[in-house]
Every structure is written in C-alpha cells, then in structure tokens.
1. Could you please give the count of residues in segment 28-80 that are outside any helix (DSSP H, G or I), of a type in the set (A, V, I, L, M, F, W, C), out of contact with any Phe, Trp or Tyr (no Cβ under 8 Å at 6 or more places or on another chain) and surrounded by fewer than 21 Cβ atoms within 10 Å (Cβ to Cβ)?
2. Looking at this structure, is Ala62 among the hydrophobic types (A, V, I, L, M, F, W, C), modelled with pLDDT under 95 and in contact with a strand residue (DSSP E or B) (Cβ under 7 Å, 6 or more places away or on another chain)?
3. Go through the residues of segment 9-20 one by one and say whether even a single one is among the β-branched types (Val, Ile, Thr), farther than 23 Å from Glu111 by Cβ and modelled with pLDDT under 95.
4. Residues of segment 85-109 being surrounded by 14 or more Cβ atoms within 10 Å (Cβ to Cβ), farther than 15 Å from Val68 by Cβ and of a type outside the set (Phe, Trp, Tyr), which ones?
5. Among (1) of a type outside the set (Lys, Arg); (2) on the phi < 0 side of the Ramachandran plot; (3) surrounded by fewer than 15 Cβ atoms within 10 Å (Cβ to Cβ), which single condition is Gly112 missing?
Amino acid sequence: MGHFGLDVPFMHHIGLESISLQGDGCHTRLKLKRDLVNSRGDIHGGALMSALDFTLSVVARAHDPLNVGAATIDMSTHFYAPAAADIDVFAVCKRRGKRIAFCEGEVKDAEGNVLAVARAVFKLVPRAP
C-alpha cells in the first residue's frame, strides 16, 4: 500500500497509516506496537519524529504530490506528554514558495490531547520521471 501516491518502505516498516490529504492538510496514524516503544512502553520519540517528518513532508508537496518531492531542511520537535497508545498526526502547510515550504504539525492521542508539536522547513524538488 502506498502513502499518498508514493511507496515509502520506512513508513511501512513503522506502520504509519495514510488517512487523508485535503488541500494543505494531512492526517496520518501510528499505532502503538512493541517494535516502536521505549523502555517505559511509550512510542519512542524517534518514531514520533519520523511520523511527523513524513506527514509534514506530504503537506509540503500537497500542491503537486506526484511531481514534487520534499527534502527536510530543518525540523524542531517539542514533546509535551508520552504517547502511550495509538496516535494521530496532523500537519498543515503554513506557507509555500517556489522552492521552500514551511509546515507545522501536531501529534494527538484519541482524546485529542496534544502530545508533541513540530515545525519543519522543506526544499521542494522536482521528481525524476
């Protein structure tokens, strides 16, 4: 199964699910599974950052998802609370130029509590045919 038109093996590996891509908003889901947890049994911060990076990159190229790629230039992440169950990642593109996109995202639990936030800047690159 692809992720918004792309085959991304690492996202398959961690089990990230593509939920929706509408306009400048993207939604993905990461389920709690043993392979992704830290020593306390919560989803590891690195797995959360990977899910955020991918979801943010999708929304960065949402204007032309099959012809434009997104390379991460910078990403900052802040963790507010542990992810002890399945999580949803929501991302929006705040500003997109010809070559650069600025995006923001949140990790939420099933009750809507924000567990982590991220901001990222992406270089937009044409995909090879």
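The values are calculated or read from the model by the stated rules, or taken from the named source; none is laboratory data. Note that this is a predicted model, so its numbers are computed, not measured. Positions of Cβ are backbone-derived with ideal geometry, glycine not excepted, and every protein chain shown enters the neighbour counts.
1. Qualifying residue count for the region: 6.
2. When the stated conditions are applied, Ala62 passes them.
3. Among the residues of segment 9-20, not one is among the β-branched types (Val, Ile, Thr), farther than 23 Å from Glu111 by Cβ and modelled with pLDDT under 95, which makes the answer no.
4. Selection gives Asp86, Ile87, Asp88, Val89, Ala91, Val92, Glu104, Gly105, Glu106, Val107, Lys108, Asp109.
5. The number of the failed condition is (2).
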